[in-house]
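Chemist: Sharing a structure with you now.
The values are calculated or read from the model by the stated rules, or taken from the named source; none is laboratory data. Everything numeric in this text was worked out from a predicted model, so none of it was measured. Using ideal geometry, Cβ is built from the backbone for each residue, glycine included, and neighbour counts are taken over all protein chains shown.
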Amino acid sequence: MLQMVSRSATTAESRAAGGAAVSIHNLCKRYNNFEAVVPTSVEIASGDFFAIIGPSGSGKSTLLGMIAGYIDPSAGRIVVDGRDIVPEPIYRRNIGMVFQNYALFPHLSVAQNVAYPLKIRGVAKDEIAKRVRESLAMVRLEAFASRMPSELSGGQQQRIALARASIYQPSILLMDEPLGALDKNLRDEMQEEIKRFQQELGATVIYVTHDQQEAAFLADRIAIMRDGAMTQIGSPRSLYEQPKSRFVAEFLGEASIFPIKTASARQADQTCRITLEGGTEAVIRTGEDGGPGRFACIRPERITIGPKARGLANSFTGVVRESLYTPGSIRYRVELKDAGCLLKVRALPQHNTEVFETGSSVDIGWSVDDMTILAE
Amino acid sequence: MKQRSFLLYLPVALLLTPFFLAPMAVIGTESFSGQHGIGAEYVKVVTDQGIRTVLYNTFYVAAMVTILSLLIGYPIAYVLARLRGRWATIGIFLIFLPFWASTVIRSFAWMILLGRKGPVNSILLGIGLIEDPIRFIDNGLGLMIAMTYIMVPFIVVPILNGLRAIDPNLPRAAAVLGANPWRQFLAVTLPLSMPNVAVGCTIVFVTSLGFFVTPSLLGGDLTVVSMLISEQANRLLDWPLASALAIIVLLLTIVIFALLRLSQLASRRRGKARSGVFA
């Protein structure tokens, strides 16, 4: 952890010189009657790591394809450092891209693959050789220069793809599910690698994935896409702690979500009393109108289980319906008495933490700040 | 495991032994059974000026037909590879439509089309492009046109398969990296389709060496080796000479493909060595 912090500190200066600012204005894509991407606008700052996540078919790859240039937008502008790139052909955009299957040229060696964008740009031979060496050193594959891509492992191919996509200092680096084809352990390792790489380059990265953990680990900001629209954009923390919709709350991490039946008027201390379906009453703090038709949402680790729950603003008794010890956490499903609400609970096991068995009766509760209101 | 894997050759061996190797052995034996002493037929094939001209013509026509088929077939395959769904099916159907008529009929058709007073010459004369009719038939030009027309589908299919097997992300990646469409083609599509180009060229070249009907009808004064073999075997009944001719053609074909293969291997090694510059 310490190492990470010092790393980002040393790269702070290089970041200033790095990537381009991207602003997307009302960009959309229609296929006949189907809107793959509804008019979308978003600002991405220079050097930002911006992740786009969503289920398959949500339009995230279409959006990336429009930025790269191989999908023509139906309307809208993509402004990179003040210049609209939509009218420009794909090969003049000076964008870097890493594909899910890496798309390394199978008939060229590693060095030739990495050299290719420089060769096209007419860079002198000696200069190409020098920069290829530097670039391969950056992804720690200098020794593999004369290998063919098929002789490399998936992770190595991925790093070559990174080197090739960045050697010409593109204004933006696009990545389309770059870790999708790797196994879990390698994926974790490559996440670290990509993060380090981006910080060293200072590049603006737009990163598409369907893996929310990956996005949360890598990105400064995340956009969640659904049905061709960005439903919410924010930092990983704000998306997790203040989701605006049921979709976002469920897509990012776990949550217990209940429809709200009635709500009292807001009090002077910004709290109000709500009734959930099943009759459970709860006091919550809300900046928003917690009226009927909306949802109340609580994250599993915000719920206190055991005797400590008794003093909280919202305190109930319940029955443990499911109890599961997993490495790092104890997971429960607790049913509230007389209400039938089922809550997902996650407790951190410490040396003296009591584990409640299935069927046992427990105290359970949360404070006024732990529950959030979802507008839809 | 390794020892058993040669069993996979069994079906091929069962097919080739009675239908290719055995007849070749018979022909090989036959070629040494002449009355003028062992090997006399081979000496004749190599030294006889007339026979050497025939062999040269045969390989020249086959090579020209291969080049022409490639030049015409590659663009057709490229366009077909970009078609999707129904249009792709229609395209393939059209490519194979000529096969509904036999080679004899199609060769006759070209004879009529390319005749001195045929429609091609009439049109060219009519629009004033030429002043005298072009002599297609007696100089091998008409033969190469007709053979190319027959062979194009055989080169389109392997190239089309090769082009379809190329990951569409590869030319796309080249484009993102800065290559315009022409450079995308040169850097990615063309080299990756080369193995299939080689297959197509092989099929066309070898098939062209054995053409009989089309050269008989359209060859004019030009004789190819299949015509010579047929004449020796059927009319002059010189089976040993006919057999020796067949064996020589087979050997020459093997030599040509061995050289081709060697040059491929050499260029691949050069490619690896070139990338070593950066190592």
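Chemist: Output the number of residues of the stretch A:128-156 satisfying the condition of being in a helix (DSSP H, G or I), more than 12 Å from every other protein chain (Cβ to nearest Cβ) and not aliphatic (A, V, I, L, M).
Modeler: Step one: list which residues in the stretch A:128-156 are in a helix (DSSP H, G or I), which gives A:128-138, A:142-144, A:149-151, A:154-156.
From what's left, more than 12 Å from every other protein chain (Cβ to nearest Cβ): A:138, A:150, A:154-156.
Now drop any that are not not aliphatic (A, V, I, L, M), which leaves A:150, A:154-156.
Counting residues in the stretch A:128-156 that are in a helix (DSSP H, G or I), more than 12 Å from every other protein chain (Cβ to nearest Cβ) and not aliphatic (A, V, I, L, M) gives 4.
Let's see how each residue does on (1) closer than 16 Å to A:Gln100 by Cβ; (2) modelled with pLDDT of 90 or more; (3) hydroxyl-bearing (Ser, Thr, Tyr):
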{"site": "A:Ile128", "(1), (2), (3)": "no, yes, no"}
{"site": "A:Leu136", "(1), (2), (3)": "no, yes, no"}
{"site": "A:Arg140", "(1), (2), (3)": "no, no, no"}
{"site": "A:Ser146", "(1), (2), (3)": "no, yes, yes"}
{"site": "A:Glu151", "(1), (2), (3)": "no, yes, no"}
{"site": "A:Arg164", "(1), (2), (3)": "yes, yes, no"}
{"site": "A:Gln169", "(1), (2), (3)": "no, no, no"}
{"site": "A:Leu179", "(1), (2), (3)": "yes, no, no"}
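Yes/no per residue for (1) part of a helix (DSSP H, G or I); (2) touching a residue at least 24 places away in the same chain (Cβ under 8 Å); (3) of a type in the set (Val, Ile, Thr):
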| position | (1), (2), (3) |
| --- | --- |
| B:Ser33 | no, yes, no |
| B:Glu41 | yes, yes, no |
| B:Lys44 | yes, yes, no |
| B:Ile51 | yes, yes, yes |
| B:Thr58 | yes, yes, yes |
| B:Ala63 | yes, yes, no |
| B:Thr66 | yes, yes, yes |
| B:Ile72 | yes, yes, yes |
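Chemist: Which of the residues belonging to the stretch A:97-111 are more than 7 Å from chain B (Cβ to nearest Cβ), surrounded by 23 or more Cβ atoms within 10 Å (Cβ to Cβ) and closer than 14 Å to A:Val208 by Cβ?
Modeler: A:Val98
Chemist: Among the residues of the stretch A:230-262, write down those that are within 27 Å of A:Ala203 (Cα to Cα) and either buried (at least 18 other Cβ atoms within 10 Å of the Cβ) or modelled with pLDDT under 90 (or both).
Modeler: Matches in the stretch A:230-262: A:Met230, A:Thr231, A:Gln232, A:Pro236, A:Leu239, A:Tyr240, A:Leu252.
Chemist: Could you please find all residues in the stretch A:189-234 being in contact with a Lys or Arg (Cβ under 6 Å, 6 or more places away or on another chain) and among the polar types (S, T, N, Q)?
Modeler: A:Gln232
Chemist: Is at least one residue of the stretch A:65-85 surrounded by fewer than 22 Cβ atoms within 10 Å (Cβ to Cβ), at pLDDT 90 or above, under 18 Å from A:Tyr207 (Cβ atoms) and aromatic (Phe, Trp, Tyr)?
Modeler: yes
Chemist: Can you tell me how many residues within the stretch A:245-288 are more than 30 Å from A:Ser56 (Cα to Cα) and of a type outside the set (Val, Ile, Thr)?
Modeler: Count: 20.
Chemist: Of the residues A:Phe105, A:Phe99, only one is more than 12 Å from A:Leu174 (Cβ to Cβ) and at pLDDT 90 or above; which? Let's see the steps before the verdict.
Modeler: Details: A:Phe99 fails: more than 12 Å from A:Leu174 (Cβ to Cβ).
The match here is A:Phe105.
Chemist: Could you list, ordered by first residue, the pairs with Cβ atoms under 7 Å in which the first is in the stretch B:137-149 and touching a residue at least 60 places away in the same chain (Cβ under 8 Å) and the second is of a type in the set (D, E, K, R), at least 6 apart or interchain?
Modeler: Matching pairs, first to second residue: B:Asp138/B:Asp221.
Chemist: Also, quick follow-up: Scan the stretch B:154-163 and give yes if some residue there is at pLDDT below 95 and facing chain A (nearest Cβ under 10 Å), otherwise no.
Modeler: Taking every residue of the stretch B:154-163 in turn, none turns out to be at pLDDT below 95 and facing chain A (nearest Cβ under 10 Å).
Chemist: All but one of (1) in a helix (DSSP H, G or I); (2) touching a strand residue (DSSP E or B) at 6+ places or on another chain (Cβ under 9 Å); (3) under 22 Å from B:Ala173 (Cα atoms) hold for A:Pro170; state the number of the condition that does not hold.
Modeler: Result: A:Pro170 passes all but (1).
Chemist: While we're here: Test of understanding: among A:Pro236, A:Pro300, which residue is out of contact with any Pro (no Cβ under 8 Å at 6 or more places or on another chain) and not assigned by TED's automatic domain parsing to the domain that holds A:Leu27? Give the derivation first.
Modeler: Working: A:Pro236 fails: not assigned by TED's automatic domain parsing to the domain that holds A:Leu27.
Sole residue among the options that is out of contact with any Pro (no Cβ under 8 Å at 6 or more places or on another chain) and not assigned by TED's automatic domain parsing to the domain that holds A:Leu27: A:Pro300.
Chemist: With the condition being hydrophobic (A, V, I, L, M, F, W, C), I'd like the helices (runs of 4 or more DSSP H) fully within the stretch A:185-278 carrying at least 3 qualifying residues.
Modeler: A:212-218, A:246-251
Chemist: Sticking with this structure for a sec: Of the conditions (1) hydrophobic (A, V, I, L, M, F, W, C); (2) within 25 Å of B:Val197 (Cβ to Cβ); (3) at pLDDT below 90, B:Met144 clears all except one; give me its number.
Modeler: Every condition holds for B:Met144 apart from (3).
Residue-by-condition table, conditions (1) hydrophobic (A, V, I, L, M, F, W, C); (2) outside any helix (DSSP H, G or I); (3) buried (at least 18 other Cβ atoms within 10 Å of the Cβ):
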| site | (1), (2), (3) |
| --- | --- |
| A:Arg310 | no, no, no |
| A:Thr317 | no, yes, no |
| A:Arg321 | no, yes, no |
| A:Arg331 | no, yes, no |
| A:Gly340 | no, yes, no |
| A:Val345 | yes, yes, yes |
| A:Asn352 | no, yes, no |
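Chemist: Of all residues in the stretch B:95-129, how many are outside any helix (DSSP H, G or I) and either surrounded by 11 or more Cβ atoms within 10 Å (Cβ to Cβ) or small (Gly, Ala, Ser) (or both)?
Modeler: Taking the stretch B:95-129 first, the residues outside any helix (DSSP H, G or I) are B:101-102, B:115-118, B:127-129.
Subsequent filtering for residues that are either surrounded by 11 or more Cβ atoms within 10 Å (Cβ to Cβ) or small (Gly, Ala, Ser) (or both) retains B:101-102, B:115-116, B:118, B:128.
Residues meeting the conditions: 6.
Chemist: Any chance you could count how many residues in the stretch A:269-312 are farther than 12 Å from A:Ile373 by Cα, within 33 Å of the chain's Cα centre (by Cα) and modelled with pLDDT under 80?
Modeler: Within the stretch A:269-312, residues that are farther than 12 Å from A:Ile373 by Cα, within 33 Å of the chain's Cα centre (by Cα) and modelled with pLDDT under 80 number 2.
Chemist: Have a look at A:Leu174, A:Leu136, A:Leu152 and point out the one that is under 30 Å from A:Val248 (Cα atoms) and in contact (Cβ under 8 Å) with a residue 12 or more places away in the chain.
Modeler: On the way: A:Leu136 fails: under 30 Å from A:Val248 (Cα atoms); A:Leu152 fails: under 30 Å from A:Val248 (Cα atoms).
The conditions single out A:Leu174.
Chemist: Give me the pairs, please: first residue somewhere in the stretch B:79-93 and part of a loop (DSSP other than H, G, I, E, B), second residue anywhere and of a type outside the set (Asp, Glu) and surrounded by 15 or more Cβ atoms within 10 Å (Cβ to Cβ), beta-carbon distance under 7 Å, and either six or more positions apart or on two chains.
Modeler: Within 7 Å, the pairs are B:Leu83/B:Gly91.
Chemist: Additional query: Could you tell me how many of the residues in the stretch B:170-214 are facing chain A (nearest Cβ under 9 Å) and out of contact with any strand residue (DSSP E or B) (no Cβ under 9 Å at 6 or more places or on another chain)?
Modeler: The first filter runs over the stretch B:170-214 and keeps only residues facing chain A (nearest Cβ under 9 Å), leaving B:170, B:172-181, B:183-184, B:187-188, B:191-192, B:194.
Subsequent filtering for residues that are out of contact with any strand residue (DSSP E or B) (no Cβ under 9 Å at 6 or more places or on another chain) retains B:170, B:174-175, B:178-181, B:183-184, B:187-188, B:191-192, B:194.
Looking only at that region, the number is 14.
Chemist: For the stretch B:60-74, what are the residues that are aromatic (Phe, Trp, Tyr) and within 18 Å of B:Leu218 (Cβ to Cβ)?
Modeler: B:Tyr60
Chemist: When the residues of the stretch B:130-152 are narrowed to those that are surrounded by fewer than 21 Cβ atoms within 10 Å (Cβ to Cβ) and closer than 20 Å to B:Phe96 by Cβ, which ends up nearest to the chain's Cα centre (by Cα)?
Modeler: Here the answer is B:Tyr149.
Chemist: Here is a follow-up. Answer yes or no as to whether B:Ile76 is touching a residue at least 12 places away in the same chain (Cβ under 8 Å) and in contact with a helix residue (DSSP H, G or I) (Cβ under 6 Å, 6 or more places away or on another chain).
Modeler: Numbers: touching a residue at least 12 places away in the same chain (Cβ under 8 Å): yes; in contact with a helix residue (DSSP H, G or I) (Cβ under 6 Å, 6 or more places away or on another chain): yes.
So B:Ile76 passes the test.
Chemist: Taking the conditions exactly as written (out of contact with any strand residue (DSSP E or B) (no Cβ under 6 Å at 6 or more places or on another chain), of a type outside the set (Phe, Trp, Tyr) and more than 9 Å from chain B (Cβ to nearest Cβ)), does A:Glu177 satisfy them or not?
Modeler: Details: out of contact with any strand residue (DSSP E or B) (no Cβ under 6 Å at 6 or more places or on another chain): no; of a type outside the set (Phe, Trp, Tyr): yes; more than 9 Å from chain B (Cβ to nearest Cβ): yes.
Considered against the rule, which asks whether it is out of contact with any strand residue (DSSP E or B) (no Cβ under 6 Å at 6 or more places or on another chain), of a type outside the set (Phe, Trp, Tyr) and more than 9 Å from chain B (Cβ to nearest Cβ), A:Glu177 comes out as no.
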